[in-house]
Amino acid sequence: MLGLIIIALFGVIAVAAPVLSPLDPMEPKWPGYYPGGDQPKLCGKLAVPIWYKSLLGMQSLPENMEAIEDHELALTETFDKWKLKTSQTGYDVTVQYNPTGGTLDDGCIEIVYKRDATQQLPSGGKFTIILGREFVFPYEDSPKSIFFHYSVKLENRTLLAAFPLGVTTSYRRGTEPQSMTVKSQTWPILQVADKWYSKSGYTQGEVGPIEEDIFTGSGNYTHQITLTITDDREGSNADVTVYVDNVQSLLYGKAFGLLGTSSIPLSSPRDLFTMLLYGTRISFMIGLLTAILSVAIGLAVGLVSGYVRGLVDEGLMRFADFLLVLPGLPLLIVLVTVLGRSIWNIVGVLIFMGWMGFSRTVRSMVLSLRERPFIESAKAAGAGTFYVIYRHILPNVFALVYISLATAVPGAIISEASLAWLGLGDITIPSWGIMLYDFSATQTAIVKGLGEYWFWVIPPGVAIAVMAMAFILMGFALDEILNPKLRQRR
Amino acid sequence: MGLKSYIAKRIVYMLILIFLVASANFILFNLMPNNTLEKFVLQSTGKMTADKLAELRAIFGLDRPLHERYVAYVGNMLTWNFGFSFETRNYVQNDIARVLPNTLLLMGVAVTAAMLVGILLGVVAAYKRGGALDTALVTTSLATYSVPVFWIGWLLLSIFAVQLRWFEVGGLEPLSWATNPPTSIIQYVAGRLYMIVLPTVALFIFIFGGWILLSRATVLETITEDYVTTARAKGLPERTVLLKHVLKNASLPLITSAALTFGFLISGAIITETVFSYGGMGLLVWNAIATGDVPVMQAFFFVIALLVIVANFIADLLYGVIDPRIKYG
């Protein structure tokens, strides 16, 4: 009974997985429009579960946040929040909102820089414009990593420098005069072209913990984007228009989701809770498909073998004996290696190796049934072989089917997990086995143990155990209901 | 039919099975759609010297027609001639001879302990059937039976090796042996035993639940027999009834089961070894999977199947010898 409840619960989770967690289980991405390069990942690697904050009092842990709202500049109000600063005064600089010039034909920032031929060059031949946008960072601890992004377009009618525009992304805390430049962002536009350039990057992987240097506590911060226009042709006019769009900083939290995040793949760590939910699906599919098909094959073979007897029986049973002798996991390893690691191959192999035991049970039962008087009379009444099997023998052995169905499921689930663990799983599928395989690939179990990242290892392991046990319990219960002899003994 | 002809028949049956396994191996590695063996030999052209490659091709007879290859292949399998590993470039048979005893040691220790503890607890559970202890034992067995063995291994590793540092994280020999190797046989044995503790415990936990359930079931089968009631009725102490009358009769199906669970045991051992980097057959095949080392994999499968076949053979013989009621046939 308990088994049935647990199975039903898992069934609901399996069906409702996309509703319970709308995230993508394998390659989750941050929603939103980010042209050029890859879509940013959804979460930082190895973030802890979000309830650590409330339950364990780790309030300082940051969550995911977007520093800038409406980075597509669809609304004029958003533009008004941008502040402008120039390196020198005396030049004709206008900044305005362009409602149709953006990358999606929506809004963008338009900066026009003009210098008359008679005017002096800006110092060093470079004119710097700083666009700043203030935001509130509410967490004491620094974010796990930062994703920054911008799109720029240059309409250069007069400047002929090889590197007409450089762009730098930096952050400034409160009113501090010094801003922290995120490394390696200065990016000269190599061509003079009327085309959008989009650039993005993560701070992670740079030298030193940049996030900790930038974010030293909660407070007001400014996301800055510095445009450096090269204007070094003396005696000629300068008339440059720079369009800026999609300026964004995504601050990845150290806490994410109900069960934290994995570190695999690094380009888009997975939300472990979502993976756990989808794993229910996969395990159910593997377990039930394997159980149903292998029991069906076992039933067919057992019926034919037991009723028809003779050479057919001999051939089928010798083949079954042979397969029974072969060791399970090694044969699985070999077959999956030879056939390939797709989930369908794994299920196919599990079916191929799962039918023998049941066919033997069915056969022995059929052997005793076929000698009974009611079969005899059916035959005497002129019933054909198929009719006798279908109408008289099948109903009598069918009780066994339910029991074997229930007991075949856990084996399949555990086999899939074991195969995945050995590196023979289908890594394109969010199964519990793959979750555990991912963890073993990080070598953390050997280096640090399970304590720190328990939320990655314990849930799938417990899920496998609970689901397997639920099916075994159901098998036991069915056995007791359908085998009166067992009930008597208790 | 007498005992002798029974044994003879079993031996013939075993030889047929071994031959069939070698043939299955040939089919798997030579006739499957993407012709794994040939592909890997071709792939490794750059990896080893020309004459080693030629030797490999000759061993598997890749240049000859299919039927000749089949004969050569089965011949090679039966004569323990598995070719070179693509990775280590050792003879595979030497590698296997080196690691097989380690696996057998691990399995032997674990299965002995599991049988002793499992059968004993199974008898207790059956005797107190329906009670709290029985329920607890059955639940524990089901739980350990349902958990993947590598997960059990991780828990043990995490608690006893990483946190408490009672044991080393893995390997066949203690790390200190790299600098000062053992000087006496006692030191050697002690060191090896020290390293085998955690993998054995993991494997033990994985299999002992099955033994509890099995012995509980078989004991329950016999405990309701009439002669047990008779034994009780004539005033024998419970202990004597349980051990002499019940367990002795229940032990027959247990012996057959021992052979049948051998495949299960091997599967558990393979995975346990990879968790603890214990240098046995499991670790060998794990590395072979990672590198696509086909000669190692086919030899591994053949040797493991051979072990299972031999185990079944021994169980059949024991059964025939122990149970006088059995009709050899």
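Conditions (1) more than 7 Å from chain A (Cβ to nearest Cβ); (2) touching a Gly at 6+ places or on another chain (Cβ under 7 Å); (3) among the β-branched types (Val, Ile, Thr); (4) within 24 Å of B:Val111 (Cα to Cα), marked per residue:
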site	(1), (2), (3), (4)
B:Ile266	no, no, yes, yes
B:Ile271	no, yes, yes, yes
B:Gly280	yes, no, no, yes
B:Val294	yes, no, yes, no
B:Gln298	yes, no, no, no
B:Val303	yes, no, yes, yes
B:Leu307	yes, no, no, yes
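Only one residue in A:Gly411, A:Gly433 is under 22 Å from A:Ser262 (Cα atoms) and assigned by TED's automatic domain parsing to the domain that holds A:Leu335. Which one?
A:Gly433
Going by what's in this entry, would B:Val138 be described as of a type in the set (Val, Ile, Thr) and farther than 15 Å from B:Ala217 by Cα? Lay out the reasoning, then the answer.
On the way: of a type in the set (Val, Ile, Thr): yes; farther than 15 Å from B:Ala217 by Cα: no.
The answer is no for B:Val138.
Yes or no, residue by residue, for (1) closer than 22 Å to A:Arg341 by Cα; (2) of a type outside the set (Asp, Glu); (3) modelled with pLDDT under 90:
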residue	(1), (2), (3)
B:Pro237	no, yes, yes
B:Lys248	no, yes, yes
B:Leu254	no, yes, yes
B:Phe262	no, yes, yes
B:Leu265	no, yes, yes
B:Phe302	yes, yes, no
B:Asp316	no, no, yes
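Where residues in the range A:135-166 are part of a strand (DSSP E or B) and more than 33 Å from the chain's Cα centre (by Cα), which of them is modelled with the highest pLDDT?
A:Lys153
Has the range A:328-345 got any residue that is surrounded by fewer than 20 Cβ atoms within 10 Å (Cβ to Cβ), more than 38 Å from the chain's Cα centre (by Cα), in a helix (DSSP H, G or I) and assigned by TED's automatic domain parsing to the domain that holds A:Gly279?
no
From A:Ile472, A:Ile393, grab the single residue that is facing chain B (nearest Cβ under 10 Å), in contact (Cβ under 8 Å) with a residue 60 or more places away in the chain, farther than 27 Å from A:Leu258 by Cα and in contact with a Phe, Trp or Tyr (Cβ under 9 Å, 6 or more places away or on another chain).
A:Ile472
Tell me, yes or no, whether the range A:74-94 has at least one residue that is over 33 Å from the mean Cα position of the chain (by Cα) and at positive phi.
The answer is yes, given that some residue of the range A:74-94 is over 33 Å from the mean Cα position of the chain (by Cα) and at positive phi.
For B:Gly108, all conditions in the list (1) surrounded by fewer than 18 Cβ atoms within 10 Å (Cβ to Cβ); (2) touching a helix residue (DSSP H, G or I) at 6+ places or on another chain (Cβ under 8 Å) hold save one; what is the number of the exception?
Result: B:Gly108 passes all but (2).
Looking only at residues that are charged (D, E, K, R) and closer than 19 Å to A:Asn156 by Cβ in the range A:92-114, which one is modelled with the highest pLDDT?
Checked the range A:92-114; the qualifying residue modelled with the highest pLDDT is A:Glu110.
Criterion first (over 17 Å from the mean Cα position of the chain (by Cα), more than 11 Å from chain A (Cβ to nearest Cβ) and among the polar types (S, T, N, Q)) does B:Ser251 satisfy it?
Criteria met by B:Ser251.
Conditions (1) more than 19 Å from B:Trp286 (Cα to Cα); (2) facing another protein chain (nearest Cβ under 10 Å); (3) modelled with pLDDT under 90, marked per residue:
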position	(1), (2), (3)
A:Arg318	yes, yes, yes
A:Gly328	no, yes, yes
A:Leu335	no, yes, yes
A:Leu339	no, yes, yes
A:Ile351	yes, no, no
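Of the conditions (1) within 14 Å of another protein chain (Cβ to nearest Cβ); (2) more than 24 Å from the chain's Cα centre (by Cα), B:Ser141 fails just one. Which one is it?
Going through (1) within 14 Å of another protein chain (Cβ to nearest Cβ); (2) more than 24 Å from the chain's Cα centre (by Cα) one by one, B:Ser141 breaks only (2).
Residues being under 22 Å from the mean Cα position of the chain (by Cα) and exposed (fewer than 15 other Cβ atoms within 10 Å of the Cβ): count how many of those fall in the range A:37-73. Step through it out loud before you land on a result.
Here is the first cut: in the range A:37-73, the ones under 22 Å from the mean Cα position of the chain (by Cα) are A:37-52, A:62-66.
With the extra rule that they be exposed (fewer than 15 other Cβ atoms within 10 Å of the Cβ), the set shrinks to A:37-38, A:51.
Selection size over the range A:37-73: 3.
Name the residue, out of B:Ile186, B:Ile196, that is away from chain A (no Cβ under 14 Å), in a helix (DSSP H, G or I), among the aliphatic types (A, V, I, L, M) and surrounded by fewer than 16 Cβ atoms within 10 Å (Cβ to Cβ).
The match here is B:Ile186.
Limited to the range B:224-248, what total is found for residues that are among the small types (Gly, Ala, Ser) and surrounded by fewer than 12 Cβ atoms within 10 Å (Cβ to Cβ)? Even if it seems obvious, please write down each step before you answer.
In the first step, residues of the range B:224-248 are kept if they are among the small types (Gly, Ala, Ser); the result is B:231, B:233, B:235.
Pick out the ones that are also surrounded by fewer than 12 Cβ atoms within 10 Å (Cβ to Cβ) and you get B:233, B:235.
Of the residues in the range B:224-248, 2 are among the small types (Gly, Ala, Ser) and surrounded by fewer than 12 Cβ atoms within 10 Å (Cβ to Cβ).
Give the range A:265-294 a look and list any residue that's over 17 Å from A:Val349 (Cα atoms) and surrounded by fewer than 20 Cβ atoms within 10 Å (Cβ to Cβ), or say none.
A:Pro265, A:Leu266, A:Ser267
The values are calculated or read from the model by the stated rules, or taken from the named source; none is laboratory data. The model shown is predicted, which means the values in this text are computed figures rather than measured ones. Quick reminder, even Gly has a Cβ in these numbers, built from the backbone with ideal geometry, and neighbours come from all protein chains shown.
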